Amino acid sequence: MPPASPDRSWPYTTSGIPDDWFAQLPGIPLTKREVRLLILAQLRLEASSCLWDVGAGTGTIPVEAGLLCPKGKVIAIERDEEVCALIQRNCQQFAVSNVDVVMCTAPDCLAAIAHSPDRAVIEGGRPIATVISSVWQRLQPQGRLVVTTASLEGLYTISETLAQLPARNIEVVQAAMNRLERRGRSQVLAAVDPIFILSGEKLE
């Protein structure tokens, strides 16, 4: 794992911490900055929001959300002990103290979490339809749910599940972006993996 720089912090009110500022582990997903910004926009966080991040991975969303919601609470849910430690390390790196890391496997553990969310993002977990339904049961009225997937199969399943709940004001965004990168002596536009971002609201 590359060392996290001890003198780095994020003093800005806007989100968008560079990816390489986060400590990382090989094979553990990191939500790219551009995708992260879209997810945060779809969540529509408030200062006192309680956010669940199911499948939090490296912890980029919990860190950014924790900074945006100083009076709120973020619950980062991951099943692997080493990944949970990585999330905690990234929270410490950016002096984020309002993130609780819960080591458990969704959806089995979700009913036991003390704080019910008014915002939730699902970045992992299987079967995805069951995870969505379990999170939805705990989501507060007027809450918002955001779910991401990189596959067409996932897009179909998530869309169908949100419609059956039923979620209101469903939106689907397909994000495809490029970054300017240096490769050898040349600069090229490298594609960021495309991803679908689905969101909906729970009215009651």
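The values are calculated or read from the model by the stated rules, or taken from the named source; none is laboratory data. This is a predicted model, so every value here is computed, not measured. In this analysis, Cβ positions are derived from the backbone assuming ideal geometry, glycine residues included, and neighbour counts consider all displayed protein chains. When the accessible area is computed, the model is the full protein with side chains, heavy atoms only, and any ligands, DNA or RNA have been set aside. Shrake-Rupley method; radii C 1.70, N 1.55, O 1.52, S 1.80 Å.
With a ≥ b ≥ c the root eigenvalues of the C-alpha gyration tensor of segment 1-120, is it rounded (a/c under 1.5), prolate (a/b larger than b/c) or oblate?
In terms of gyration-tensor shape, oblate.
Rounded, prolate or oblate: which one fits segment 51-94, using the alpha carbon gyration tensor with axes a ≥ b ≥ c (rounded when a/c is under 1.5, else prolate when a/b beats b/c, else oblate)?
Oblate is the answer for segment 51-94, as a/c is 1.5 or above yet b/c matches or exceeds a/b.
How far, in nm, would the chain grow between Ser133 and Ser9 when pulled straight, counting 0.36 nm per residue and subtracting the alpha carbon separation?
Net length gain for the segment: 41.0 nm.
Return the equivalent ellipsoid semi-axes of the chain as a descending list in whole Å, where each equals the square root of 5 times an eigenvalue of the C-alpha gyration tensor.
26, 21, 16
Near Arg79, within a Cβ-to-Cβ distance under 12 Å, what is the net charge of the other residues, with Lys and Arg +1 and Asp and Glu -1?
Local net charge: -4.
Please give the net charge around Val188, taking every other residue with its beta carbon less than 13 angstrom from that of Val188, where Lys and Arg add +1 and Asp and Glu add -1. Show your work: numbers first, answer last.
On the way: positive: Arg179, Arg182, Arg183, Arg185; negative: Glu181.
In short, +3.
Taking R0 as 25 Å, what FRET efficiency do you get between Val192 and Glu171 from their Cβ-Cβ distance, rounded to the nearest 0.05?
0.80
In what sequence, largest accessible area first, do Asp118, Asp193, Asp100, Asp53 appear using a 1.4 Å probe?
Asp193, Asp100, Asp118, Asp53
Give me a comma-separated list of calculated 3J(HN,Hα) values for segment 191-197, in order, Karplus coefficients 6.51, -1.76, 1.60 applied at θ = phi - 60°, integers in Hz, x for any Gly or Pro.
Once rounded to whole Hz, the list reads 6, 7, 3, x, 8, 9, 10.
Out of residues 5 or more away from Trp52 or on other chains, whose amide H comes under 5 Å of its own, with H placed 1.01 Å from N in the peptide plane?
Correct list: Ile75, Arg119, Ala120, Val121.
Could you give the length gained by full extension between Glu204 and Ala85, i.e. 0.36 nm per residue of separation minus their alpha carbon distance, to one decimal place?
39.3 nm
Exposed loop trypsin sites (Lys or Arg not before Pro) only (DSSP loop, at most 14 other Cβ atoms within 10 Å): please give the longest stretch of the chain free of them, not including the sites. Don't skip to the end; give the middle numbers.
On the way: sites that count: Arg8, Arg44, Lys71, Arg185.
The reported range is 72-184.
Check the cysteines of the chain one by one and keep only those with no other cysteine Cβ under 4.7 Å from their own.
Cys50, Cys69, Cys84, Cys91
When all protein chains stay in place, what accessible area (Å², nearest 10, 1.4 Å probe) is found for Glu46?
Only protein atoms counted, so the area is about 100 Å².
Can you give me the solvent accessible area of Leu68 with a 1.4 Å probe, rounded to the nearest 10 Å²?
Near enough 70 Å² of accessible area.
Tell me which residues come under 5 Å, amide H to amide H, from Met177 once H is placed; ignore anything under 5 positions away on its chain.
HN-HN under 5 Å from Met177: Val192.
At Glu181 and Ala111, where each label point lies 7 Å from the Cα along Cα→Cβ, what is the point-to-point distance in nanometres?
Taking the two extended label points, one gets 4.4 nm.
Can you pull the accessible area of Trp136 for me, 1.4 Å probe, Å² to the nearest 10?
20
Given only helices, namely DSSP H runs of n ≥ 4 each adding -39500 (n - 2.57), what is the per-residue ellipticity at 222 nm of the chain, to the nearest 500 deg cm²/dmol?
On the way: 5 runs with 57 residues, N = 204.
Helix contribution divided over all residues of the chain: -8500 deg cm²/dmol.
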